[in-house]
Amino acid sequence: MNLFLQNAYTSTCEATIHSLTEIDGFTAITLNDTIFFPAGGGQLDDKGFINDYEVTQLKKKDNVVHHFIRLPNQLKLGDIVTCKIDFNRRFDLMQQHTGQHILSQCIFRVLHAETLSFQMKEETSTIQIALTDISDLAAALMEAENLANQIITDNLPITILNIPIQDSLHYNLRKEPLTQHIDEKGQIRIAKIADFEVIPCGGTHCTTTLEVGLIKITDIKKQKDKITIDFLCGQRALKDYQVKSDLLKSITALFNTNLAEVEQRIKKQLLELETLKGNLVQKNKELLSYKAQYAMNSSLALGDDTQLVNQAFNDLTLNDLKLIAKTMIQNQGYIVLLTNNNDFIIAKSPNLALDIQAIFTKISRLLAIKGGGDTNMIQGSTTHLSEFTQQFVQELSNITASSH
Ligand SMILES: [Zn+2]
């Protein structure tokens with residue numbers, strides 16, 4: 001018998017082993033009675049022990065729970081064993097599961113939106129609800145959240161009914177029963193939270209709404225065809241509050257202010273940062289223009305109307321080198337070779353007929369250098385910077401010599 005359906009609070013039981021099957025290093029055990037809830041209906045599975053053997057996995061097949069423990073073990077058919085579940089975990093799952101019923105009913109009442117699906121995870125739980133045309137979704141969900149917490153405070157009794165399927169018409173069920181809810185006797189299991197929420201369900205529930213403790217929506221995402229809502233119940237909600245409260249305390253201390261003013265303070269600092277960034281960009285531009293002028297002053301004449309600027313700037317980024325090169329080739333007659341520790345830029349004034357792409361292709365084949373650009377500027381990086389520089393200057397002097 002699946003005892004978890006009778007009483008969700010039973011945390012230990014004695015049971016007789018009905019079958020043992022060895023599968024891939026595990027033994028799958030079935031018992032005459034079990035308190036282990038296998039995952040289902042969005043709820044997570046239980047953890048626990050059979051005697052001293054940890055139950056690593058639970059699977060339900062034809063309404064029978066299969067408990068997996070590792071091999072080797074000493075268990076055999078007919079043994080009477082002690083089952084023990086991690087009740088702290090079970091109670092947490094009961095809180096999340098019961099909380100979901102309450103929240104879904106509140107959302108239905110406030111937003112008239114159906115719950116489409118429910119997933120419980122180790123940290124948080126999620127429901128997807130149907131899209132609604134409510135303009136202020138956040139405010140409407142807050143109203144549903146408030147109502148959910150009122151239902152908790154109202155301490156409503158939660159009962160489980162097993163009724164013939166034909167009698168379900170007499171109940172105002174939020175959802176139609178599915179085939180999985182109907183047992184071999186043609187009965188369905190209904191979770192009934194007073195007259196507030198009545199729904200077919202095979203999960204484990206608290207016995208009063210008060211036991212759920214607290215319900216808090218933590219995230220809302222509006223998607224194309226649905227709305228996804230994350231929420232926490234009970235201890236999970238309290239823990240979340242503690243973490244966020246501590247974080248806010250640290251942030252207000254960092255900004256040397258209080259909770260009421262911290263948002264304004266952060267906005268103000270972000271604005272200041274933007275202004276400073278703008279100023280820095282402008283100053284950097286000016287600095288680069290001086291550096292460009294300085295390097296051009298020590299350029300080398302390659303002919304009557306051609307100058308070579310060959311300069312290393314090890315403290316500058318590739319982007320800075322690019323900006324300097326751009327400034328330089330705005331003047332007529334310049335060939336530019338700029339480097340930092342890893343990168344290079346080669347560039348020329350558009351009025352020069354020199355084919356820098358051909359020179360680059362020739363050298364890059366010799367030294368296996370990566371780079372690319374256009375007819376006036378090429379950038380790249382290499383671990384052979386000095387060889388690259390020498391080769392480039394050599395190629396230039398060959399071309400200059402042959403043109404005289
Ligand atoms: Zn349920």
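Computed from the coordinates by the stated procedures, all read-outs in this text should not be read as laboratory data. Just so you know, these numbers come straight off a predicted model, no measurement behind them. No Cβ is skipped: glycine too gets one built from the backbone with ideal geometry, and neighbour counts run over all protein chains shown.
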Stokes-Einstein D for the chain at 10 °C, 1.306 mPa s, Kirkwood Rh over Cα pairs, in µm²/s? 56 µm²/s
Taking the DSSP beta bridges in the chain as the whole, what percent of them are antiparallel, to the nearest 5? 90 percent
Sticking with the crude label model, points 7 Å out along Cα→Cβ, report the distance from LYS121 to GLN187 in nm, one decimal please. 3.7 nm
For a quick check: with amide H placed at 1.01 Å from N, whose amide H comes under 5 Å from PHE26's, ignoring anything fewer than 5 positions away on the same chain? LEU71
With springs connecting C-alpha atoms under 10 Å apart, model the chain as a Gaussian network and identify which of GLY203, GLY213, GLY278 has the largest mean-square fluctuation. GLY278
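Using a cut-off of 14 Å between beta-carbons, work out the net charge of the residues near PHE26 (Lys and Arg +1, Asp and Glu -1, PHE26 not included).
Numbers: positive: LYS59, ARG70; negative: GLU22, ASP24, GLU54.
Combined, the nearby Lys, Arg, Asp and Glu give -1.
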Based on DSSP, what percent of beta bridges with both residues in the range 287-402 are antiparallel, to the nearest 5? 75 percent
Identify all lysines with a Cα-Cα distance to LYS348 below 16 Å; exclude those on the same chain that are fewer than 8 residues away in sequence. LYS322, LYS326
Diffing the range 198-212: the Karplus 3J(HN,Hα) column from phi (6.51, -1.76, 1.60, θ = phi - 60°), in whole Hz with x for Gly and Pro, holds 10, 8, x, 7, x, x, 9, 10, 5, 8, 9, 5, 4, 5, 5
Extended-chain gain in nm, criterion 0.36 nm per residue less alpha-carbon gap, ILE134 and GLU54: 23.9 nm
Under a point-charge model restricted to the Cβ atoms of Lys and Arg (+1) and Asp and Glu (-1), what is the dipole moment magnitude of the range 3-85 relative to its Cα centre, in debye to the nearest 20? 120 debye
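With +1 assigned to the C-beta of every Lys and Arg and -1 to the C-beta of every Asp and Glu, and no other charges, what is the dipole magnitude of the range 90-252 about the Cα centre in debye, to the nearest 20?
On the way: 17 positive and 21 negative charges, 50 e Å.
The calculation lands at about 240 debye.
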Straight-line reach from LYS192: which lysines have a Cα under 19 Å away, not including same-chain ones fewer than 8 places off? LYS175
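Per DSSP H run of n ≥ 4, the term is -39500 (n - 2.57); total these for the chain, divide by its residue number, and report the mean residue ellipticity at 222 nm rounded to 500 deg cm²/dmol. List each step's numbers first, then the result.
Numbers: 7 runs with 143 residues, N = 404.
Per the formula, -12000 deg cm²/dmol.
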With a 10 Å radius around each residue's Cβ, average the other Cβ atoms per peptide and rank 320-327, 1-8, 83-90, highest first. 320-327, 83-90, 1-8
Mind checking which lysines have their Cα closer than 29 Å to the Cα of LYS267? Skip sequence neighbours fewer than 8 apart in that chain. LYS216, LYS221, LYS222, LYS239, LYS244, LYS249, LYS277, LYS283, LYS285
Signed unit charges on C-beta, dipole axis of the range 164-297, positive-most listed residue ALA191, SER168, SER245: SER245
Could you give the size of the charge dipole of the range 157-264 about its Cα centre, using +1 on the Cβ of each K and R and -1 on the Cβ of each D and E, expressed in debye and rounded to the nearest 20? 180 debye
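Can you put LEU116, LEU232, LEU276, LEU214 in order of Cβ neighbours within 10 angstrom, beginning with the fewest?
On the way: LEU116 15, LEU232 22, LEU276 10, LEU214 18.
The order, fewest Cβ neighbours first, is LEU276, LEU116, LEU214, LEU232.
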Other-chain or far-sequence residues with amide H under 5 Å of LEU302's (modelled H): GLN307, LEU308
Compute the angle between helix 318-328 and the longest alpha-carbon principal axis of the chain, please, reported from 0 to 90 degrees and rounded to the nearest 10. 30 degrees
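Over the chain, what is the relative contact order in whole percent, taking alpha-carbon pairs under 8 Å and six or more residues apart? All intermediate terms of the calculation are to be shown ahead of the outcome.
Details: 680 pairs, mean separation 38.4, N = 404.
For the chain, the relative contact order is 10 percent.
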